[in-house]
Structures are given as structure tokens and as C-alpha cells.
1. I need the full set of residues from segment 847-878 which are surrounded by fewer than 22 Cβ atoms within 10 Å (Cβ to Cβ) and part of a helix (DSSP H, G or I), in order please.
2. With the structure loaded, tell me whether LEU616 is closer than 19 Å to PHE739 by Cβ, in contact with a strand residue (DSSP E or B) (Cβ under 7 Å, 6 or more places away or on another chain) and touching a residue at least 60 places away in the same chain (Cβ under 8 Å) or whether it fails that test.
3. Could you list, in sequence order, the residues of segment 164-192 that are among the hydrophobic types (A, V, I, L, M, F, W, C), assigned to a helix (DSSP H, G or I) and in contact (Cβ under 8 Å) with a residue 24 or more places away in the chain?
4. Taking the residues in segment 662-681 that are under 24 Å from ASP697 (Cβ atoms) and of a type in the set (A, V, I, L, M, F, W, C) as candidates, determine which candidate is surrounded by the most Cβ atoms within 10 Å (Cβ to Cβ).
5. Which members of segment 467-491 meet the condition of being assigned to a loop (DSSP other than H, G, I, E, B), of a type outside the set (Val, Ile, Thr) and touching a residue at least 60 places away in the same chain (Cβ under 8 Å)?
6. Taking SER1126 as the residue in question, decide whether it is in contact with a helix residue (DSSP H, G or I) (Cβ under 8 Å, 6 or more places away or on another chain), among the small types (Gly, Ala, Ser), at pLDDT 90 or above and not in a helix (DSSP H, G or I).
7. Based on what the data block shows, is GLN336 surrounded by 21 or more Cβ atoms within 10 Å (Cβ to Cβ) and touching a residue at least 60 places away in the same chain (Cβ under 8 Å)?
8. For segment 444-460, enumerate the residues that are of a type in the set (A, V, I, L, M, F, W, C) and either free of Cβ contacts under 8 Å to residues at least 60 places away in the same chain or more than 22 Å from SER206 (Cβ to Cβ) (or both).
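The values are calculated or read from the model by the stated rules, or taken from the named source; none is laboratory data. None of these values were measured; they are calculated from a predicted model. Ideal geometry is used to build each Cβ from the backbone, glycine not excepted, and the neighbour counts take in all protein chains shown.
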Amino acid sequence: MTHKPTPPADQAIRDQALGPGESFHLEAPAGSGKTSVLLARFLTLLARVDTPEEMLALTFTRKAAGELRARVMALLWERQDPGPDASPLELRLRELAAAVFRRHADDAQLKLTPERLPIMTFHGFGAQLLKLAPQEAGAPLEFKLLEEDEARWLKIEALEEMRRRLNGRPSRDPVRQALVRRLVRLNNDWRRLAKELYGLLSRRDSLGDFLNLARVSRDAAAYRQLLEERFQMVLRPSLEELRAGLAGCDLGKDWPAFWRELQGSAASGLIGPELPGSAPADLSPWQAVSEVLLTKQGTPRKRLSVKDGFPEGFDQKKWVPLIQDLPETVVRFLKQCRDLTPTGASSEEAAALQDLVILVGQALSVYEQLCARKGALDFVDLEAATLNLLREDDPTEVMLRLDWRLKHLLVDEFQDTSLNQMQLLCRLMAGWQADEGRTLMVVGDPKQSIYGWRQAKPRLFMASRKGLPCGGAEPLPLTPLKLTTNFRATRTLITWANEVFGGAVMKSGAAGARFHRAESRPGAPEGPVPYLALFAGDSDQAARELEARWLARQVAQALATLKERETIGILLFTRTHLPRYLQALYDAGLAVRVREGLKLTESRTVAHLHNLARALTRPQDEVAWAAALRGPWGPQPLATLARVAQMPGDLWPEKLRRFTAQTEPDDCPAGLPGLAESLSQARRQVGRRPLADILTDWLEASRAWAGIAAWEGPLGVANARTYLDLLAAAEAGLPEATFVKADFNLKEAFQPPDPRALASPVEILTVHGAKGLEFHRVFLPFLDWQPLKSEDNTPPFLLEEIPGRDRYGLALARPYVQEKPSSLYLLLRNLKNQRVVDEARRVFYVAVTRARQRLVMSGLARLDKKGNWQGSGDSPLTWLREHYRLNLPPAGSAVSWPEPEMQVERLTAVQPQTGESAPPPDLPAAWDFHPEAAPFQVSFPSGLAAPREETATVPETELAEAGDAARLRGVIMHRALQTLARGGGPPDAPSLAAALRQEGLNGPAAASLAAEIQAELAACQADPFLSALLRPDIPRAASEWLLEDRPQPGAIRRGVIDHLSFDGHDWWLLDYKTSRPAAGEDWEAFISRETGKYRPQLLAYREMAARAQGIEPPEAIRLGVYFTASRKVVEM
């Protein structure tokens, strides 16, 4: 009698999802077999359509599309007897495949081919459409898609080209001025600006409003208005969330009573009987609430005394516990409220944003020109062109043909949909009605949306439960379905995930997605409980080393008991500690497959190959040529390199040739002549053949592969071949351009799999790389990972989606001279941090749900000085602590944490594996060398001035403030006098104040000092002596003149002269002094001291100026110290 398997509890839902006449929104959590449901629906529809082109299945990666297509083809064409042990699912799929053949009968050979199966990625579908009508879409006729590395390089080229073009424009060109102002704000850091522009170019599809504004307006007020609108958009939902959070807790529910009992105290005047609203105008009342409930440090008050503004005996009532129990989100935003201002950004910040947007627009224009030359589209352009082709207001022929043909649409991994992809789906389905036989099925799991960097929006999945949120007409209705059966994990692991994620990690949508409990498949085994190992040491590094050694030991023990075809996955949240864990695994003698873990630059072989490419491309690079002789193809002794370096000749290839020709055979290392000759031959081919071909032939001719294999084994050989492929892909025609491009691409390249570990059942990879995979045993180290620490705390800009608006907010980080970021920046940073933490919770869920039988976790438990377990910020370990609320086990002991059960052990030592204690190899003797003397010494006449003695005792803070003001007065006065000397007019007070604020002085102080400087400058202009020397028509003059001279061999003198001029009769060299006498010091004593102090400096300046201008004798130049405050010149 044949036993009939028990169907899963959600079998009726799985059957319903195959209904060919209905559209579905299917939520399928980890391990629920959603791919099988999608496959079954695809076959069901394929058996009902006339041609495959009436269907379209979209997914997000080429791998997923290829796997789905392969499974369909296998079911259709590999028609073997399923056998007696076939599962009900396999039998069902074969029945559906047979139905497909019955439907298409004699046309099956023509229709059911891989090329005609409509399974592709979003980008593949877009490219297919554009090839039909490129001109209508605004794409090149014969376009090619840029892969990510090509697009990265082209953006870098575009930024450099933009900089070259702007440097060639007139100084008053508005775009060039925007570049100058932006560089000034960034302390003249072009690399930082290039990083900003690169990031914004990559996300230009989110900058539509800003770029459109740059095209139509140069009015700074328009930018400030746009920023203010975005600020209001972000602030309102934040206040709504704050109000809802406070109203929902015990204190908020009893707020009127709290207010009544405050009457008569200082705090009573700050708050009202009702909670403030959520309008932007309510920000000030919320700041008052923050002052009442939180301490200055931003923590809930523990003391409610009269001194703190509360009534007598108030802290004896019930309010202290209620304040202490405020939700963390409420406390966090109340604290943040304090730093917010009623406006989102100042006029200066709006102007800075305008400059940046103008530059992004300019960079985009150059980038589009470079793409057009290559006939190329990147993925952002591809999506934009596809949407343009499918425009609804003026349908193209392709759009009409597609609308007539397409009947059924399936979307896999729908939780990873972006806004552009959602818009594409909406345009494909424009006008679809429920009763006309067209269907849509979207499948996904918002809990597994972990690709935020690809602009994945899990909220779109949840907003589509009953129909895609396309706006306009009524959407095609979707029937929401949920799969609940987990076919992957044991009962124990499923129960544990249900309790931990449903009770803490994803409680109440904490991860931006609602958690739904899963249930085990019929007959699922119980399995062992999860295990958590905690490590504490004298330092984080020591504890992490201990964890790595423990991990290697655990993996080795698991490997010893692993059954055939079972696998072990070591999943990492980030690659931060991968080298440490990997080294421990290697030390334990374990072969491990590494998936996109180690960078190609970390290979010694690749480092030497890349250096060899540098040496061949740049014969003048002496270090590269010396290093080329130390590679795995026959490393030469350091003494030989020293001898070669001392040979005559300008370039190393020449030195090397002479060394091998002149040195006696007994004195020349055996392999060096052949190596030198092969390098010389390779060098002569540079510029005539592709660089990759030259290196490939050289490796063969020099028999270098044996040395590479000796250094790094098979992995070194695989790394070398990967590098040669990268170099070939970077070929640009010119050797230097090829090398620079390869150098850029090398930074993002990963090592290939180690050939020795291809058959290993152990794999180490990131959680993102493990998406869609499963392992019998999962090891999850680094549980103390804090995602917010992995992020840049002060990114140069923030571009965040505003909740519920489909709009983006853009704000810039504060310049180094500004005390606080703008309010808009603070709010966007809060949104970003929340987004990062939400995604990290989902990453944790994905990691845990890869395990089939065993889950082993580990991390660092940091202790304070008293031995108490400290928090680990927002981290998986913290989320586990929030669920269990239990203390750290004693050192060296193991305990069981209940509900759900988890074994927890605190380890302080790990026994080494056999082979781990091998002594380190002996290092060679250090090479005795002496650094070469510098060819010259640089001196500065300004260093000749005697240090100023302090004449009064001033408090440190006052001294700092006074020093800043004095320094900035000097800086601005020197600039203004230089402007006058060049024929410019005197700056007004607002301009002076803006310049002072840019230098870091706060607003009131800047305004006050600006008025003083303006008055002082006007007085200097009125001084007959100085005004005569600053005339623009003076015969010869130089202001703020940077010059150098060589007073003696081996010495260079460098300085900046404030002013040098020849009035037709006399040469004058002036040094401006804006300082004032100290308190109690008269002007005569001050002037005498200052002239004596700066006399050596001015004498040196006179000597330098005389030499530069050819003035003999130097004494013909009259020296003067000009005190701007008293308008007095003292001649030396």
C-alpha cells in the first residue's frame, strides 16, 4: 500500500495561486518554496496561451532568471520517469509540463525554446524593447549596456573632463564660480567634491526636482524654497510618529493629569494640557516637552525636584517611572528636537546646495556626452529610456504592440522593486481590467528585502497587497495570499525564529515589514536548539582573535560529522573581519570556498603583476622597476637592487642593461640576465600591443607561472589570470590610459574561488551573497555587528526618500567651520539611520533562515570596568538581549536561555587545533641602509620673527576667542587690501560677515567684527601714504606675492610679501600688521616691540625681492611695517 504524504497546511493557498484567471499578491517567507509556486504558475499559463510572448516573467538578477529558465526547460524537455519516490510537487510540475506540450502540440519544437521563453531581468526586458525602437526612446541606434565597472570608470572620466573644461572658462563663468565656491566650502578638497558628484551622478534618477530647477533657475531663493518644502515634508511625519509614540505610552495616556499636577511650577508654563500637534508649527512646543521630560544629556529624568522646575514632592509620585519607561524612539526624537530650527536650511546652505546641483548638472552633461560617443547606456539611462518608450500620454508603436500582445505578467522577488521598476510595471499594465483575462502575480517577502543600495523599496510590496499603487485609474485588483509552511528548517529553528523575530527583532513592523509566523512542514524533525558563544577579552582585538579560533575549531568538528552532500555556511554581515576568520580557518587546515570575499589587491601575486604593468608603462618609475625584480618570477637580493640603482643612466631599464652587461658572471645572480632581457623585450612592445597580451606572453616566456604557483599555489595562478582578464578589459589603446583604468577597476575586483576548495562543503560568504541559498549548518559570527558604525557618520550629502511622498530630500553636511548641521540634514540623517537599522534587522532574518538543521552564532560581549555587560548599540546581539532580557553567563560556563530555548556559553579560552601552534617562520636579517640626504632644505623668513611674549593672564576660553578674532581680522584685512591693490572696490559689511562666517566665526561675532574691519579698511583707503601705493595705475606692484629664491646651494627660501610697489621714484616693501597692543600697553611700546620682532623677516624679504626684481643694491628697497589700526608706517 502506497503511503500518501500529508500536504502542508497552506496547500490550498498554493493551489489557489495557480488560478489562471486571477491576479495575486503572494507573500512567501524564507523556505516556503515560492520559486516552485512561481514555476508552477508559469507552466499553468504557458499551457493556456497561444505563444510564449503573451507572458512575461521578470526578476532582478541574471542568475535568478537563468535558474528559472533552466528549471522550465528541464521540466519541458527532460521527460524521464519520475520514479516511485517522487514528491507530490515534482509530480504536479511534470503534469503541468505535459499540459504545455498538449497545448502546443506540433509547434512545441518552435515555441518552447530557451530564446522564446519570456523570462528575463527588468534591465534585460528594457534593453529588448529599446532595440525595437531606440530613436523613439531617445537611445543610441546601436547602443550597448555599460556594466557597473565601466559605468564607474566613465563617471570618473566625466568628472575629470568637467574639471578641465571649467578651468578653461572665464573666471566669471557661473558654473566655474560654483566650482570655486564648492571647493572653498570643502577646504579645497577636490577628491571629496568628486566623491560627492560621483554619488549624486549614480543616483541622478532621485534628483529630478533639483536638476529640473537647475535647468530653469539660478535664483538661490528658489533653492531655499525647495529645501523648505522638503523640510516640512520630512518634519510632519516625524512629529506624527513622535506624537503617536508618546500618546500610546502610559505617560501620554495620563498627560492631562501630568499637566494638572505641574501647575504652579516652572515646568507648568512650558507645556499644555494636550500633547502638541504634528504640524511644523508645533516644533517649538515639542522642544518644550523635551525640556520637561529629558535631562540636558537627553536621557529621561530620574529626578523631578524643585530645582529642576517641578513642584515640591513631585518625584515621590508616579511620574518618575512613567518618564523612565518612555519608548526609545520617543526619547530619541525628543532629544533630536532640541537641535532643530523652524527653518530647514539657511540661505548660505541653500546657496551651497545650488552650487552642488549646478555642478551635478554639468557633470551629467559631460557624462552623457561620453556615453553618447560610446553609444552606451548605464542602468539608470536604460530605465529612463524604457519609461520614455512606454509613455502613456503619447503611446509609441512598441507600446501599442506590447499592450495588444501581453496577457500575463509575473514578478519574482517583488520586495526588491524600485520606484522606476514600479513605474515600468504600471505602464505595462495601463488600462488592464479584472474581467478581460489579463493577470498579474507578484511574489516576494518584505522581510528579505536587503538591497537598499539598489534602491529596493519594501514598502512598495506592502502597498501593493490589493493592487499596484499606480495612481490614476482603479488598479488591477490583486488577491493577497500568504504562504506559511517552511520546508527548509527544523521545528526547533522555526519556533525560535517565530518567537525571537516576532517578539523583538521585527515586533510591530520594527524592520519596516510585518512579521508573520511560519509553520513547519509535515514530518519535519525537531533538531538542536540554536547556540550562542560570547567572547570577552582584554581588548576587542584579542576577543575577536579568540572568536576566530573558536569558529575554526567548531567548523572542523562539524566537518568531521558532516554527512555526504551536506553543507556548512559561514555567513558574515560585512567583510570587515573576513581576513581574520579566514586565516583562522586556514591555520586549522580547512579548505574553504570564498564567495566574493577577498579583494584581488590582497593577493601578493596580483600586487606584483600590477606593479610590473606599472613599470612597463612608466619606465621613469624607479620604485616600480626595483620592485619588478622582487616578484615571484625570481626575486633578486636587495643587495643586487642596490648595485643596479648605482649604475649610470637616467632610467632603470638602462641601468639594468648596463649592470648585466658589465658585471662579471660570478657577481651577477644567475637568473638576472635572462629576466632583464625579457623585461627589455616586453618594454619595447609597450604601445604597439595590448598591455594584457604583453604581460601574458612575458609570463610564458619567463616561465613565471612556476614562481607564482610556488608563492600562492593554485589560487595565485587563478588570481593572476583574473588580473590579466581585468587588464584586457581595461584596454584603451594608450598604455598609460589602460593602466590607469585597470588601477581603478582593480580596487573593486574580487579574487576568484580557490581551485583547491571547489569541492569543499564549507563556504564563507556575506549574508547578501547567501540570499536564495541554504546550508545544513550555519555559523553566524560577529553578532555584535553595529550597522550604523559601518556607515559614514558624516556623509558629504544625504539623499533620502521622504516617507509617503515619493519625493527625495537632499541636504549637505556642514562645512568644517560650521558648528551644527542644518535641521533638514538632521532629519534626513534620522531617516537614513532608521532605514539602515531596519534593513539590518532584515539581514539578520535572512542569515538565520539559511539554516536547515543547526544554527551557531557568536559575538563579542563587551564589559565595563565593573565587569557588567555593556550594550552593543543597534546590533543582532542587542536584539537578542532585548528578547531574552537575561544576564551574561559566568566566564567559562554554559546556560540555557528559555522561551525559546537557546544555549549560551561565555568562553575565555579556546584549545588550539592540531597544527595551529606551528612556530612563525624566521625573518631574514634586516637590510642595513641609510636614507639619502634631502637635496635641499626649505626655510621661511616668517620663522625668523621672535615669538611674542604673553603680557597678561587671560582665561583659556577668552584667549581662544580673542585669538580667533585677531587671526580672522588679519586674514580678511589682507584679502581686502589685496583686492584694493588690484583695482577692486572695498567689500561691504554683509560680504565681510559672510567671509568671516565661512572662516568659522559665529553670526553675531562675525557681524560685529565685519563692521570694525569695514571701518578700518575705509580709514586705510583714506590714508595718503597707503592709497598712493595701492593705486592700480602705479608703474610696478605685487600684492600677496609668493616667491622663492636660492640663497645658497642646497637651500630654498620661500615667503609671501604683503605688498611691493614702485611709485616711479622709490621701491617700497610693506608688511601689514592688524594686531593691537595688549591691555595696558601703549602704542609706542607696542610698535617698537613689533618692528623689532619682524625686522629679520623683512630684511630677508627685501633680499629675496631684490634678487627677483634685479634691484641693486637691495637697500634701495625701503622697508615699512604698516599698522592698519593706527594707519602708521614705521620704516626700518
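1. Residue satisfying the conditions is THR878 alone.
2. yes
3. Answer for segment 164-192, where residues must be among the hydrophobic types (A, V, I, L, M, F, W, C), assigned to a helix (DSSP H, G or I) and in contact (Cβ under 8 Å) with a residue 24 or more places away in the chain: LEU166, VAL175, ALA178, LEU179, VAL184, TRP190.
4. For segment 662-681, the residue satisfying everything is LEU679.
5. Answer for segment 467-491, where residues must be assigned to a loop (DSSP other than H, G, I, E, B), of a type outside the set (Val, Ile, Thr) and touching a residue at least 60 places away in the same chain (Cβ under 8 Å): LEU476, PRO477, LEU478, LEU483, PHE487, ARG488, ALA489.
6. Details: in contact with a helix residue (DSSP H, G or I) (Cβ under 8 Å, 6 or more places away or on another chain): yes; among the small types (Gly, Ala, Ser): yes; at pLDDT 90 or above: yes; not in a helix (DSSP H, G or I): yes.
So SER1126 passes the test.
7. The answer is no for GLN336.
8. If the condition is that a residue be of a type in the set (A, V, I, L, M, F, W, C) and either free of Cβ contacts under 8 Å to residues at least 60 places away in the same chain or more than 22 Å from SER206 (Cβ to Cβ) (or both), then TRP453, ALA456, LEU460 are the ones that fit.
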